[in-house]
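The values are calculated or read from the model by the stated rules, or taken from the named source; none is laboratory data. A quick note: this is a predicted structure, and the numbers were derived from the prediction, not measured. Glycine gets a Cβ as well: all are built from the backbone with ideal geometry, and neighbour counts include every protein chain shown.
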Amino acid sequence: MTQHIVITGANRGIGLELARQWQQRGDTVTAICRAASDDLRALGVNVIEGVDVTDDISIGKARRNLEGQRIDLLYNNAGLLTDENLSDMNWDRIQTQFEVNTLGPLKMTNALLDLIPDGGKIIVMTSRMGSIGDNDSGGRYGYRLTKAALNAAAKSLALDLKPRGIPVGIFHPGYVQTDMTGHTGHITPAEAAERLIQRADELDLEKSGTFRHSDGSELPW
């Protein structure tokens with residue numbers, strides 16, 4: 001059955017590949033982004049640009065554009081990574097990451113929630129760098145704390161939405177060759193997207209609220 005997939009941060013990297021592969025499967029894709037790339041436009045999917053997930057007005061724009069549409073799966077993919085350490089603790093960058101990585105997915109989900117039917121799905125793109133148990137290298141203060149907070153928010157969403165039969169996926173894509181990683185990752189965006197779509201297909205209430213790698217393994221909090 002054809003699904004309507006809505007993806008934030010879909011203009012490049014993993015988000016772009018998710019849009020491409022879901023469209024190739026025959027699903028209807030709506031890509032939400034700040035500025036559409038040529039590659040995204042070439043896909044021919046629905047595009048809502050000019051949307052910043054930190055800004056309530058532009059989130060409202062996305063909501064109005066989707067009015068009356070059923071969202072079978074909302075994929076909160078937009079994110080930001082900067083590098084803070086004890087010798088360079090840039091509080092403005094940390095604050096911006098918190099607004100993008102933590103509040104952004106929660107705001108977008110809340111704005112679109114009434115368009116997601118009972119039995120629909122919600123996914124947040126997190127990172128194993130948000131794992132406290134897995135942190136053996138330190139640093140990356142802003143990214144780590146904002147992804148840990150996102151995990152906490154997504155776990156609450158999973159519990160609160162269980163009565164509606166809406167599972168919430170908390171997925172780490174892997175170490176992916178994107179602009180965010182300086183293209184130094186272990187897998188390509190296409191490989192990551194393929195695995196993430198498999199995880200989305202498998203997502204159910206039993207797996208809801210668990211922290212998972214795109215390879216299917218469960219990660220420690």
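Scan the stretch 129-147 and give yes if some residue there is acidic (Asp, Glu) and in contact with a helix residue (DSSP H, G or I) (Cβ under 6 Å, 6 or more places away or on another chain), otherwise no. Checking the stretch 129-147: at least one residue is acidic (Asp, Glu) and in contact with a helix residue (DSSP H, G or I) (Cβ under 6 Å, 6 or more places away or on another chain). For the stretch 138-151, the criterion of being touching an Asp or Glu at 6+ places or on another chain (Cβ under 8 Å) and at pLDDT below 95 is satisfied by at least one residue. From the list Ser87, Ser127, Ser131, Ser137, the lone residue that is farther than 22 Å from Asp215 by Cβ and among the polar types (S, T, N, Q) is Ser87.
Only residues that are over 20 Å from the mean Cα position of the chain (by Cα) and either on the phi > 0 side of the Ramachandran plot or without any contact (Cβ under 8 Å) to a residue 12 or more places away in the chain (or both) were counted in the stretch 91-135, giving 3. Counting the residues of the stretch 152-168 that are closer than 16 Å to Arg212 by Cα, touching a residue at least 40 places away in the same chain (Cβ under 8 Å) and surrounded by fewer than 22 Cβ atoms within 10 Å (Cβ to Cβ) gives 3.
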